[in-house]
């Protein structure tokens, strides 16, 4: 992290707690920062796994902070105040705000033009280190991680190539959806795009959204995340995780969506690119369904 930020910040290795993935890290922090019956404020739409990671074993509640498309799903102080007041009315003690950066699923970045406090909380660090014993990184993974991060030249090259590929994949995917009449919120980071498919749902409701999701999965063979799974308050939004695809697969996905639009009677727009695979059947086998 220090290398990525060009030595602008430094980190004390003794304060770093490693876990076997983000899920145990989120759960451990929930145990450390809150008691059962306490709550965190979480802006919506949010990563569906937060419901599991924060709540299931900790007894901690989540108070939704609704964000809207009119504001590009950006978080506002007013929305936080309303959610905080709601928690107080329910008798819940708010112990923090959970924010993913970039936002999952929208891709928004929290502005860099803010004051930052870097807190060295000894109690949290000590508790997290003990709890992390139950979700330690495997020995082979630790060896691989040490070997990889010790090679500074490799890390710089990896980050550069990764950013270039992500930017290219995102641009191609969003352009493809736009040519099919599907607009996306402008993303500043992450592995996904947040697409407005409300024009394809029969009824402007959660039920209508889930009906569309079911048809996209079982008819078009394209698996996306419905906005209701992210607690989005506006029906018709879907998360596409484009990094699960190879670049050559993007035209295939666009072809399937276009055929689906034709099937449900929507006037198809110009298909993405000129090299789409028109031989890909709409009724592909389940093993061919890309998870987006």
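Residues in region 162-217 that are within 16 Å of residue 261 (Cβ to Cβ) and not in a helix (DSSP H, G or I): 9 in all. Once region 166-191 is narrowed to residues that are touching a helix residue (DSSP H, G or I) at 6+ places or on another chain (Cβ under 8 Å) and closer than 16 Å to residue 246 by Cβ, the residue that is surrounded by the most Cβ atoms within 10 Å (Cβ to Cβ) is 173. Scanning region 199-215 for residues that are under 20 Å from the mean Cα position of the chain (by Cα) and either buried (at least 19 other Cβ atoms within 10 Å of the Cβ) or not assigned by TED's automatic domain parsing to the domain that holds residue 249 (or both) yields 209, 213.
Does residue 193 satisfy the criteria of being in contact (Cβ under 8 Å) with a residue 60 or more places away in the chain and within 14 Å of residue 107 (Cα to Cα)?
Working: in contact (Cβ under 8 Å) with a residue 60 or more places away in the chain: yes; within 14 Å of residue 107 (Cα to Cα): yes.
Considered against the rule, which asks whether it is in contact (Cβ under 8 Å) with a residue 60 or more places away in the chain and within 14 Å of residue 107 (Cα to Cα), residue 193 comes out as yes.
Kindly check whether there is at least one residue in region 27-39 that is outside the structural domain of residue 236 (by TED's automatic domain parsing), buried (at least 19 other Cβ atoms within 10 Å of the Cβ), closer than 24 Å to residue 206 by Cβ and in contact (Cβ under 8 Å) with a residue 24 or more places away in the chain. Checked region 27-39: at least one residue is outside the structural domain of residue 236 (by TED's automatic domain parsing), buried (at least 19 other Cβ atoms within 10 Å of the Cβ), closer than 24 Å to residue 206 by Cβ and in contact (Cβ under 8 Å) with a residue 24 or more places away in the chain.
Could you tell me whether residue 115 is part of a loop (DSSP other than H, G, I, E, B) and either modelled with pLDDT of 90 or more or surrounded by 11 or more Cβ atoms within 10 Å (Cβ to Cβ) (or both)?
Details: part of a loop (DSSP other than H, G, I, E, B): yes; either modelled with pLDDT of 90 or more or surrounded by 11 or more Cβ atoms within 10 Å (Cβ to Cβ) (or both): no.
Taking the combined requirement at face value, the residue does not satisfy it.
Touching a residue at least 12 places away in the same chain (Cβ under 8 Å) and either surrounded by 15 or more Cβ atoms within 10 Å (Cβ to Cβ) or under 28 Å from residue 90 (Cα atoms) (or both): is that true of residue 42 in this structure? Reasoning before the result, please.
Numbers: touching a residue at least 12 places away in the same chain (Cβ under 8 Å): yes; either surrounded by 15 or more Cβ atoms within 10 Å (Cβ to Cβ) or under 28 Å from residue 90 (Cα atoms) (or both): yes.
Yes; evaluated as a whole, the condition is true for this residue.
Scan region 45-54 for residues that are in contact with a helix residue (DSSP H, G or I) (Cβ under 8 Å, 6 or more places away or on another chain), farther than 16 Å from residue 101 by Cα and surrounded by fewer than 17 Cβ atoms within 10 Å (Cβ to Cβ) and jot them down.
Going through region 45-54, the residues in contact with a helix residue (DSSP H, G or I) (Cβ under 8 Å, 6 or more places away or on another chain) turn out to be 45-50, 52-54.
Filter once more, so that each one left must be farther than 16 Å from residue 101 by Cα: 52-54.
If the condition is that a residue be in contact with a helix residue (DSSP H, G or I) (Cβ under 8 Å, 6 or more places away or on another chain), farther than 16 Å from residue 101 by Cα and surrounded by fewer than 17 Cβ atoms within 10 Å (Cβ to Cβ), then 52 is the only one that fits.
The values are calculated or read from the model by the stated rules, or taken from the named source; none is laboratory data. The shown structure was predicted, so the numbers you read here are calculated from the model rather than taken from an experiment. For neighbour counting, all protein chains shown are included, and Cβ atoms are generated from backbone atoms with ideal geometry for every residue, glycine included.
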